[in-house]
Amino acid sequence: MDAFYPVPAIALVSLALSILVLACLAPRAVRRMRISPSAGRRHNYHDKWLEALERISSRLDSCEVRSVLTEMAASTLRARTVNIWLYDQGTRCYLSTSSRMEARFRKVPASHRLVESMLSSGDPFNFADAGDEGEIADFAFFTGSIVCAPLITSRELVGFMTIGPQTNGVAYSESDVKLLSAFATQAAVQIKNIRLGEDLLDMKESDAFNRACSFIMHDLKNFTHSLSLLSHNARANISSPEFQREAIKAIDLTAARMRSMIEKISGGAGHIKTDMRAGDLMSALENAAKRLPASAARELSIESPEFAYPCLMDSEAVETVFFNILMNAHEATCGRGQIKAGFHAERDSVVVRISDNGSGIPRPLLEKGIFRPFVTTKQNGFGIGLHQCKTVMESHGGMIEVESEEGRGTVFTLRFPANGEASAGSRAV
């Protein structure tokens with residue numbers, strides 16, 4: 001019987017080596033899973049398409065469309081991971097907000113071969129069919145993606161979606177891919193409609209800004225006329241004490257009106273140029289607090305950070321952002337509430353939160369977009385301050401967010417990139 005032992009031993013060693021090799025190749029094996037004509041579940045295509053049509057077409061924000069699309073793909077197809085990239089005109093790249101993948105894959109340039117492949121195919125495809133080499137294969141491997149579904153409408157690639165393996169390990173069926181294509185098409189149409197609406201709104205806001213500039217020019221003309229008239233009269237009456245008193249009053253009043261107008265239009269709706277240097281966020285916040293009225297300063301409490309938070313920034317611009325938010329909080333509390341500011345670090349960013357227990361922001365204004373120019377809760381406001389804050393944060397590669405509930409208060413969250421790299425824009429919750 002001893003003569004037969006070596007054969008099983010060799011077999012066991014071979015089996016162990018095979019298991020080891022398969023374990024090493026497992027990640028790429030996942031990527032090579034192909035679409036099976038019969039595998040997976042069959043779907044009631046009509047019902048699921050109607051559900052997607054109803055849920056996606058009712059969304060008025062691209063981020064909401066992204067969320068609904070992610071949830072439907074994950075639940076209906078049992079996808080272990082779902083990632084979506086949407087085109088950003090500013091960077092000319094497709095951006096993902098997922099924090100589960102490496103940063104280098106969250107930003108896909110329009111020149112990427114994957115984009116070329118999607119534009120040429122127009123339909124969902126399996127990454128295994130794209131070959132095992134090059135940037136497409138690397139993208140699939142490092143993002144854990146099996147299938148790619150372009151979000152195309154009117155020959156425009158507004159984004160794309162990838163899904164990882166199914167939770168039960170079964171290959172995706174043709175029915176799965178057909179349903180995924182329907183979801184992607186509906187999402188592409190809605191995102192395109194949302195962006196066309198935003199472009200139209202931007203045009204209207206630009207027209208409103210031009211009209212506001214006309215009003216400002218008219219006021220400046222009146223101010224100039226008043227000062228010119230005063231200068232002319234001074235030549236003949238400068239020695240009169242009564243004229244001197246009236247002249248001082250007129251100059252003070254004109255200066256006050258000009259100062260008020262400048263404060264209202266400060267920042268405008270244009271691009272802000274920043275002077276980026278090493279600075280400290282805590283110092284910028286403290287300087288902003290020093291500019292507050294005494295009643296606002298009494299409301300404010302700043303949580304001292306455990307660490308210094310240096311940042312590449314335009315200190316004056318960031319100080320203005322803090323000042324605008326603190327003043328808004330002071331006005332929301334009517335000088336009788338609490339304003340808190342604190343810092344904490346996340347993986348790729350430094351986060352500053354400023355909260356108050358004031359009147360809050362009405363839901364309709366949040367939905368309209370509180371960071372848009374000319375959107376304001378103030379009766380006599382221009383609606384420029386928060387738009388200026390958004391513009392400054394974007395120029396720093398950061399993000400500003402707001403959460404608010406009427407009667408309970410508001411929280412502004414500002415995210416500054418710890419390494420100075422650019423990130424996405426803003427949103428209201």
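Side notes on the structure shown:
- Among residues of segment 408-429, those that are assigned to a loop (DSSP other than H, G, I, E, B), surrounded by fewer than 19 Cβ atoms within 10 Å (Cβ to Cβ) and either among the polar types (S, T, N, Q) or modelled with pLDDT under 80 (or both), counted: 7
- When each of G164, G159, G169 is tested for being modelled with pLDDT under 90 and of a type outside the set (A, V, I, L, M, F, W, C), the lone residue that passes is G169.
- The residue that is surrounded by the most Cβ atoms within 10 Å (Cβ to Cβ), among those in segment 298-313 that are part of a strand (DSSP E or B) and touching a helix residue (DSSP H, G or I) at 6+ places or on another chain (Cβ under 9 Å), is M313.
- The residue that is surrounded by the fewest Cβ atoms within 10 Å (Cβ to Cβ), among those in segment 74-120 that are in a strand (DSSP E or B) and among the aromatic types (F, W, Y), is Y87.
- Within segment 110-121, residues that are more than 17 Å from D88 (Cα to Cα) sit with their Cβ atoms under 9 Å from residues that are of a type in the set (A, V, I, L, M, F, W, C) and modelled with pLDDT under 90, at 6+ positions apart or across chains, in these pairs: R113/A130; S117/A130.
- Failed item, numbered, when L180 is tested on (1) touching a strand residue (DSSP E or B) at 6+ places or on another chain (Cβ under 8 Å); (2) closer than 28 Å to G397 by Cβ; (3) part of a helix (DSSP H, G or I): (2)
- First in segment 134-161 and at positive phi, second anywhere and small (G, A, S) and at pLDDT 90 or above, Cβ under 7 Å, 6 or more apart: G144/G164
- For G383, the conditions (1) out of contact with any helix residue (DSSP H, G or I) (no Cβ under 9 Å at 6 or more places or on another chain); (2) at pLDDT 75 or above; (3) crowded, with 18+ Cβ neighbours inside 10 Å all hold with the exception of (2).
- Any hit, segment 314-326, residues being modelled with pLDDT under 75 and in the same structural domain as E286 (by TED's automatic domain parsing): no
- Number of residues in segment 145-197 that are of a type in the set (F, W, Y), closer than 15 Å to N126 by Cα and out of contact with any Gly (no Cβ under 8 Å at 6 or more places or on another chain) equals 1.
- Residue match in segment 193-213 (condition: out of contact with any strand residue (DSSP E or B) (no Cβ under 8 Å at 6 or more places or on another chain), at pLDDT 90 or above and either assigned to a strand (DSSP E or B) or not hydrophobic (A, V, I, L, M, F, W, C) (or both)): no
- Scanning segment 389-407 for residues that are small (G, A, S) and either modelled with pLDDT of 90 or more or over 30 Å from R277 (Cβ atoms) (or both) turns up S404, G407.
- Search result, residues across segment 314-348 that are over 19 Å from S404 (Cα atoms), in contact (Cβ under 8 Å) with a residue 40 or more places away in the chain and crowded, with 19+ Cβ neighbours inside 10 Å: D314, A317, V318, T320, F343
The values are calculated or read from the model by the stated rules, or taken from the named source; none is laboratory data. Everything numeric here is computed off the predicted structure, so don't read it as measured data. For neighbour counting, all protein chains shown are included, and Cβ atoms are generated from backbone atoms with ideal geometry for every residue, glycine included.
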